[in-house]
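A.B. asks: I'd like to ask you about the structure that follows.
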Amino acid sequence: MSEAAAQPDWMKEYTPTTARSATAWKPGMPSPNPSGRPKGIVDRRMKVTKALADDAPAVARVVIDAALEGDMQAANIVLSRVAPPIKAQAERVQFELSPDAPLAEQAQQILAAVAEGKVDPETGKTLIGCIQSVAGIRAVEELEHRLIILEARSV
């Protein structure tokens, strides 16, 4: 059975490319809906959000009451909203770092400071990551400079 015979009569002239090109919006054409979506229309998501917002105080009260009665899961929910987790903060460190030295030498200085106990390993890792970022920035700047020189020579 051929493909044309398998199609109903009303689809014999239809091909996806011709149908699409005839009806698809193209740049420069007037908008099929010039006025667009009306301002202030409330969609389903907004209706649900509004309904939840209206009931939020009652829901919060139920969770707080459950937490006060000893429900640990409810207590966890309440505490996570009242007192968010404390982020770890590294202490300030002081050690010898030569800012004019090559980046590899600076990384060695940081490793030495970690080895001597002047810098904790996590801070050392962060500092070496910063040096790596600077190296990437310098590489991009150098490539840009080389590209400018090459373009100037070709002109």
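A.B. asks: In the stretch 84-117, which residues are of a type in the set (D, E, K, R) and within 28 Å of Arg138 (Cα to Cα)?
C.D. replies: Arg92, Glu96, Asp100, Glu105
A.B. asks: List every residue pair whose Cβ atoms lie under 9 Å apart, where the two residues are 6 or more positions apart in sequence or sit on different chains, the first residue falls within the stretch 31-46 and is at negative phi and among the hydrophobic types (A, V, I, L, M, F, W, C), and the second residue, located anywhere, is surrounded by 10 or more Cβ atoms within 10 Å (Cβ to Cβ) and assigned to a helix (DSSP H, G or I).
C.D. replies: Listed by first residue and then by second, the contacts come to Val42/Lys50.
A.B. asks: What are the pairs with Cβ atoms under 6 angstrom where one residue, in the stretch 81-100, is outside any loop (DSSP other than H, G, I, E, B) and the other, located anywhere, is not polar (S, T, N, Q)? Sequence gap at least six, or different chains.
C.D. replies: Nothing qualifies.
A.B. asks: Look at the stretch 109-123 and say how many of its residues are outside any loop (DSSP other than H, G, I, E, B) and surrounded by 13 or more Cβ atoms within 10 Å (Cβ to Cβ).
C.D. replies: 7
A.B. asks: I would also like to ask the following. Any idea which of (1) at pLDDT 85 or above; (2) exposed (fewer than 10 other Cβ atoms within 10 Å of the Cβ) is the one Val42 doesn't satisfy?
C.D. replies: Unmet for Val42, out of (1) at pLDDT 85 or above; (2) exposed (fewer than 10 other Cβ atoms within 10 Å of the Cβ): (1).
A.B. asks: Being at pLDDT 70 or above, open to solvent by 100 Å² or more (accessible area, probe 1.4 Å) and not hydrophobic (A, V, I, L, M, F, W, C) is the filter; apply it to the stretch 1-34 and report the residue that is farthest from the chain's Cα centre (by Cα).
C.D. replies: Asp9
A.B. asks: Anything in the stretch 124-151 that is open to solvent by less than 100 Å² (accessible area, probe 1.4 Å), without any contact (Cβ under 8 Å) to a residue 12 or more places away in the chain and polar (S, T, N, Q)? List them, or say none.
C.D. replies: Ser133
The values are calculated or read from the model by the stated rules, or taken from the named source; none is laboratory data. Keep in mind the model is a prediction, meaning the values are calculated, not measured. Glycine gets a Cβ as well: all are built from the backbone with ideal geometry, and neighbour counts include every protein chain shown. When the accessible area is computed, the model is the full protein with side chains, heavy atoms only, and any ligands, DNA or RNA have been set aside. Shrake-Rupley method; radii C 1.70, N 1.55, O 1.52, S 1.80 Å.
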